[in-house]
Amino acid sequence: MVVAELEVFCSRPHAPTRRIALGSESLPCAPAPGPAGVLLGGIAARFVDELDPDSVPEVEALLRDLEQGRRIAQPRLRYRLQVDTIGLNSVTHRLVARGEELRFEFDDRGAPAQQVLAAAYAAGRLEPDSRRLVISAIRRGLHWHGPIGRELMAALGGVRTASGAFSSIADPRAWALARLGFTGRGVTPSDREVQRRYRERLRDVHPDHGGTSDGAAERIAELTEARRLLTGR
């Protein structure tokens, strides 16, 4: 299942003018940053190492302008944003889910600068509240040092565990409620109830209380993160 998708139109490598245009997109970001933030931040993380390091401050300046809804002077990184796609090559980046497992599908055609710029411009077209959080995810991607996988997805989605599960990124609060065993529509447990349920679940999974050792650290980390998401601490 395609969770998020961005199509980018790129000028050919040896074309006399450097151009970029945005194509079709599916960038859900409710609650923000959502899959949109994970995909766009993932694009930034995937391609930033192939940019000239001196270009990164210009990307950050562009993100600030987009965040504030300012007029964007062209070109940026020597590429001009346009609407017309005639003569441009199409590339598509996707965030795909198989059950609870998420993976990136990046199209490596086109210049790295075109892909990073496309992620920034796509975020700039979002509604202001979502835009701010998605752009924050792109910033995290620009400064990511690590594998392009589960840990990155978790960091971009605002979840501080390496699970990278689809449900934790699509709706972190719903994931946290389910992880602590709260069920039912519209459940809003108090901080005391969350803490009590956290302790109960912690006893169930901890090896010192009979839980299996395999994967115990990850299960404990997920419970702790679920508590943080629900209580804010």
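The values are calculated or read from the model by the stated rules, or taken from the named source; none is laboratory data. This structure is a prediction, so every number in the text was calculated from the model and none was measured. All Cβ positions, glycine included, derive from the backbone under ideal geometry; neighbour counts span all protein chains shown.
Being over 18 Å from the mean Cα position of the chain (by Cα) and either at pLDDT below 90 or among the acidic types (Asp, Glu) (or both) is the requirement here; does residue 150 meet it? Answer is no for this residue. The residues of the range 10-37 that are under 15 Å from residue 92 (Cβ atoms) and either part of a loop (DSSP other than H, G, I, E, B) or not assigned by TED's automatic domain parsing to the domain that holds residue 154 (or both) amount to a single one, 27. Residues that are under 23 Å from residue 139 (Cβ atoms) and among the hydroxyl-bearing types (Ser, Thr, Tyr) occur at least once in the range 21-36. Every condition in (1) more than 25 Å from residue 173 (Cα to Cα); (2) outside any helix (DSSP H, G or I) holds for residue 47 except the one numbered (2).
Examine the range 83-104 for a residue that is part of a helix (DSSP H, G or I) and either in contact (Cβ under 8 Å) with a residue 40 or more places away in the chain or over 26 Å from residue 3 (Cα atoms) (or both), and state whether such a residue exists. No, because not a single residue in the range 83-104 is part of a helix (DSSP H, G or I) and either in contact (Cβ under 8 Å) with a residue 40 or more places away in the chain or over 26 Å from residue 3 (Cα atoms) (or both). Taking residue 54 as the residue in question, decide whether it is among the acidic types (Asp, Glu), surrounded by fewer than 21 Cβ atoms within 10 Å (Cβ to Cβ) and part of a loop (DSSP other than H, G, I, E, B). So residue 54 does not fit the description; no. Looking only at the range 60-71, residues that are within 17 Å of residue 44 (Cβ to Cβ) and assigned to a loop (DSSP other than H, G, I, E, B) come to 0 in all.
Residue count for the range 172-199 satisfying the condition of being touching a residue at least 12 places away in the same chain (Cβ under 8 Å) and either over 25 Å from residue 157 (Cβ atoms) or of a type in the set (D, E, K, R) (or both): 4.
The sole residue among 99, 124 that is assigned by TED's automatic domain parsing to the domain that holds residue 40 and over 16 Å from the mean Cα position of the chain (by Cα) is 99. Looking at this structure, is residue 94 under 18 Å from the mean Cα position of the chain (by Cα) and of a type in the set (Lys, Arg)? Judged against the criteria, residue 94 is a match. Going through 45, 111, 97 one at a time, which residue ends up being in contact with a Leu (Cβ under 7 Å, 6 or more places away or on another chain) and buried (at least 16 other Cβ atoms within 10 Å of the Cβ)? After applying the criteria, what remains is 45.
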